[in-house]
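The block underneath contains the structure these notes are about, expressed in structure tokens.
The values are calculated or read from the model by the stated rules, or taken from the named source; none is laboratory data. All values reported here derive from a predicted model rather than from experimental measurement. Cβ: placed from backbone, ideal geometry, glycine included. Neighbour counts: every protein chain shown. For accessibility, only protein heavy atoms count, side chains too; no ligands or nucleic acids. Shrake-Rupley method; radii C 1.70, N 1.55, O 1.52, S 1.80 Å.
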Amino acid sequence: MKTIKKAIIPAAGLGTRFLPATKAMPKEMLPIVDRPTIEYIVEEAIESGIEDIIIVTGKGKRAIEDHFDHNFELEDNLIKKEKFDLLEKVNQASNVDIHYIRQKEPKGLGHAVWCARKFIGDEPFAVLLGDDIVRVQEDKGEKPGLRQLINEFEKTQSSIVGVQQVPENETHRYGVVDPLTVEGRRYKVSNFVEKPKQGTAPSNLAIMGRYVFTPEIFDFLDKQQIGAGGEIQLTDAIQMLNEIQSVYAYDFEGKRYDVGEKLGFVKTTVELALENEEIGEELYKYLVEKVNARNLTY
Ligand code: G1P
């Protein structure tokens, strides 16, 4: 039985939704409270059993490599000041083995994944996108988002994409699946459609940035066909793969936070900050005050 040990994290996107904040800083480094968004993704990969991660970077993304590297000057400074708590937090990011490859032109998600093909070789692998953070309740037995897909892969040895339901008026922002049959949370799929026009989506099951693939996906990414938005789309290659081998969809457990757009990003920040030991309580009081003051003015 094959399992999944390697993962690709595409991080070469231009981050236009967050301009001008992302003019000189990668969007993956935007912090949710005190950790950059990409750290949540790397953490999910590791907790799912991934041993080797390759991040596909692009122009202006050096800060990501620096983040997952040791910063001896900073570490030395924290040791001298006996700030051991902070030192531990800072070092968490640098204790994982991460590899990097550059996508030389911004040709889309499918192309970014294709750039990592030599690192993957002839093995099944995972892909995690940074626009969605998935948080699960481990105390209720929920497994990390990607782990749930890997467990399914171990049963079926087939490619599988993570989906969740979204409101109908949001389907045009995602890749959407057309389900045929369902068994538990796993769907057999007839079609995968990237960003369907409003009112034309085959269902409200949207692809949520977690994938497990057999290496045959590269046969279709090799063709480099241009799809929606003038880019090489991963969803189009999935659709072609599904014609020769089943690609399942799995409605995974857990709460998904959309950090790929402004409002979602702010909501995620507030929710995670409210849970934060250091600032949660103060923030709660502040928010109540703000809401009350606003109610008085209206
Ligand atoms: C990408 C994928 C899309 C998926 C989405 C999830 O789109 O192409 O299929 O539903 O991520 O976040 P993007 O948001 O990069 O345009």
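Provide the solvent-accessible area of T3, counting protein heavy atoms only and rolling a 1.4 Å probe, rounded to the nearest 10 Å².
The accessible area comes out at roughly 50 Å².
Less than 19 Å from a label point 7 Å out along the Cα-to-Cβ axis of K59: which backbone N atoms in the range 212-234 qualify, by residue?
So the set is 230-232.
Quick check on my link table: of K89/K267; K143/K255; K5/K255; K140/K255, which ones sit more than 19 Å apart, alpha carbon to alpha carbon? It would help to have the intermediate numbers written out before the result.
Working: K89/K267 24 Å; K143/K255 12 Å; K5/K255 24 Å; K140/K255 13 Å.
Over 19 Å Cα-Cα: K89/K267; K5/K255.
Report the FRET efficiency, 1/(1 + (r/R0)^6), for K267 and Q245, where r is their Cβ-Cβ distance and R0 is 45 Å, rounded to 0.05. Don't jump to the answer; show the numbers that get you there.
Numbers: r = 38 Å, r/R0 = 0.84.
Given R0 = 45 Å and the Cβ-Cβ separation, E is 0.75.
Rounded, prolate or oblate, given the Cα gyration tensor of the range 1-114, with a/c below 1.5 counting as rounded? Can you show the working numbers first?
Numbers: a/c = 2.19, a/b = 1.29, b/c = 1.70.
Here the range 1-114 falls in the oblate category.
Cα convex hull of the range 133-217: how many Å³ per residue?
Numbers: hull volume 9.4 nm³, N = 85.
In the range 133-217, the Cα convex hull volume per residue is 111 Å³.
Tell me the angle of helix 280-297 to the major Cα principal axis of the chain, expressed in degrees between 0 and 90 and rounded to the nearest ten.
90 degrees
I'd like the accessible area for K223: 1.4 Å probe, protein heavy atoms, all chains in place, Å² to the nearest 10.
Surface open to solvent at K223 totals about 110 Å².
Starting from the Cα of V182, move 7 Å in the Cα-to-Cβ direction to define the label point; list residues of the range 240-255 whose amide nitrogen is under 19 Å from there.
Flagged as within label range: 247-255.
With springs only between Cα atoms under 10 Å, which of S159, S203, S246 fluctuates most in a Gaussian network model of the chain?
S203
Report, in degrees rounded to the nearest 10, the 0 to 90 angle that the Cα long axis of helix 145-156 makes with the longest principal axis of the chain.
For helix 145-156, the angle is close to 30 degrees.
Could you sort D258, D34 by accessible area so the largest value comes first, with the probe set to 1.4 Å? Before the final figure, lay out each step's value.
Working: D258 25, D34 90 Å².
From most exposed to least exposed: D34, D258.
Give the ranking of L234, L180 by solvent-accessible surface, highest area first, calculated with a 1.4 Å probe.
On the way: L234 0, L180 115 Å².
Sorted descending by solvent-accessible area, the residues read L180, L234.
Give me the percent of Cα-Cα pairs in the chain that sit more than 27 Å apart, rounded to a whole number. Walk me through the numbers before you get to the answer.
On the way: 19359 of 44253 pairs.
Taking all Cα-Cα pairs of the chain, the fraction more than 27 Å apart is 44 percent.
Note the full-extension length gain between V291 and T3 as 0.36 nm times their separation in residues minus their Cα-Cα distance, in nm to one decimal.
Contour length minus the Cα-Cα distance gives 98.8 nm.
So which lysines can K262 reach, going by Cα to Cα under 18 Å and dropping same-chain residues fewer than 8 places off?
Output for K262: K23, K27.
Compute, for I160, the solvent-accessible surface of its heavy atoms (probe 1.4 Å) with the complete set of protein chains present, and express it in square angstrom to the nearest 10.
Taking all protein chains as shown, I160 has close to 0 Å².
Nearest 500 deg cm²/dmol is fine: what mean residue ellipticity at 222 nm does the chain get from its DSSP H runs of n ≥ 4 alone, each adding -39,500 (n - 2.57), divided by its residue count?
Calculated at 222 nm, the ellipticity per residue is -10500 deg cm²/dmol.
Amide H to amide H under 5 Å from G175: which residues, 5+ apart in sequence or cross-chain, H placed 1.01 Å off N in plane?
Close amide H contacts, sequence-distant or interchain: K195, I207.
Could you check how much of the accessible area of the chain is carbon and sulfur, as a whole percent, using a 1.4 Å probe?
On the way: 7950 of 15960 Å².
Heavy-atom surface of the chain belonging to carbon and sulfur, 1.4 Å probe: 50 percent.
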